[in-house]
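The values are calculated or read from the model by the stated rules, or taken from the named source; none is laboratory data. From a predicted model like this one, the values you see are computed outputs, not experimental measurements. Positions of Cβ are generated from backbone atoms using ideal geometry, with glycine treated the same way; all protein chains shown enter the neighbour counts. Ligands, DNA and RNA are excluded from the accessible area calculation, which covers all protein heavy atoms including side chains. Shrake-Rupley method; radii C 1.70, N 1.55, O 1.52, S 1.80 Å.
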Amino acid sequence: MSAAGADSFELQLSLPLPDEVQLRRRFAAPREALFEAFTRPERVQRWCCGPEGWSLPVCRIEARCGGCLRYEWAGADGRRMGMSGRFIELRAPERLVHFERFDEDWTEGETRVATEFAALAPGLTLVTVTIRFSGQRGRDRALACGMTAGMAQGYRRLDALLLS
């Protein structure tokens, strides 16, 4: 996504395996605040909206091992997109792991998402999201649809939320 160096606050993309995407980004906030921003529905709704013109009117998160999650995005043009999942690991404020599947299964199966929050210094956190798809075709379809651009926009919104 970005060729910026390791000190950048831009989203960094790598493809460690044929069925995987790894995204890294630094945030000027403690990891406890980031963990909360990823697990409290009222916080997630403010930043995880996707591209401009979209919102997240349905956001249910049971932040516990075995707990469910449900996101439903809505576009200004009337389009909708939904995703359901379940948590398999939560270690506050270090790590979240969940499985997810989109209603219109465009990624071709269940996807495993591991999110890690690493404290780099006081008030500075590296978030690493590793997404494993059911195969390379699902990964490639996700990349082709603009997933990383939408995530980058969301993370910029998250920056503003963390400052408030």
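Using C-alpha pairs under 8 Å with a sequence gap of at least 6, the mean separation divided by the residue count of the stretch 90-134 gives a relative contact order of 35 percent. For the stretch 65-164, chymotrypsin sites (Phe, Trp or Tyr not before Pro) meeting the loop criterion (DSSP other than H, G, I, E, B) and having at most 12 other Cβ atoms within 10 Å: TRP106.
The distance between label points at ALA121 and LEU163 comes to 1.9 nm (points 7 Å beyond Cα on the Cα→Cβ vector).
A Förster radius of 22 Å, combined with the Cβ-Cβ distance separating GLU110 from ARG79, puts the computed FRET efficiency at roughly 0.45.
Computed per residue of the chain from DSSP H runs no shorter than four, each worth -39500 (n - 2.57), the mean residue ellipticity at 222 nm is -7500 deg cm²/dmol.
Shape verdict for the stretch 43-127, please, from the Cα gyration tensor: rounded (a/c under 1.5), prolate (a/b greater than b/c) or oblate. Oblate, since a/c reaches 1.5 and b/c is not below a/b.
Charged neighbours of LEU163, selected by a Cβ distance under 15 Å, balance to +3 (K, R count +1; D, E count -1). Using only the Cα atoms of the stretch 90-164, build the gyration tensor, take square roots of its eigenvalues as a ≥ b ≥ c, and label the shape rounded, prolate or oblate: rounded if a/c is under 1.5, else prolate if a/b is larger than b/c, else oblate. Prolate, since a/c reaches 1.5 and a/b exceeds b/c.
The stretch 103-164 and the stretch 41-92 have Cα centres spaced 12 Å apart. For the chain, the relative contact order is 25 percent, taking Cα pairs closer than 8 Å that sit 6 or more residues apart in sequence and dividing their mean separation by the residue count. In sequence order, the stretch 18-28 has phi-based couplings of x, 10, 10, 10, 10, 10, 10, 7, 8, 10, 8 Hz under the Karplus curve 6.51 cos²θ - 1.76 cosθ + 1.60, θ = phi - 60°, and Gly or Pro positions carry x.
For the chain, the spherically averaged projection of the C-alpha convex hull amounts to 9.0 nm².
Average accessible surface for the chain: 50 Å² per residue, computed with a 1.4 Å probe over protein heavy atoms with every protein chain in place. The loop-placed trypsin sites (Lys or Arg not before Pro) in the stretch 19-109, going by DSSP, that have at most 12 neighbouring Cβ atoms within 10 Å of their Cβ come out as ARG64, ARG79. Between the amide H of ALA29 and those of LEU124, THR125, distances stay under 5 Å, these residues lying 5 or more places away or on another chain, with hydrogens modeled in the peptide plane.
In this calculation the C-beta distance from GLN45 to SER134 is compared with R0 = 45 Å, giving a FRET efficiency of 0.95. Note on the chain: with neighbouring protein chains present and a 1.4 Å probe, carbon and sulfur make up 53 percent of its accessible heavy-atom surface. Note on ARG60 and GLU10: with the Förster distance fixed at 25 Å, the Cβ-Cβ geometry gives a FRET efficiency of about 0.25.
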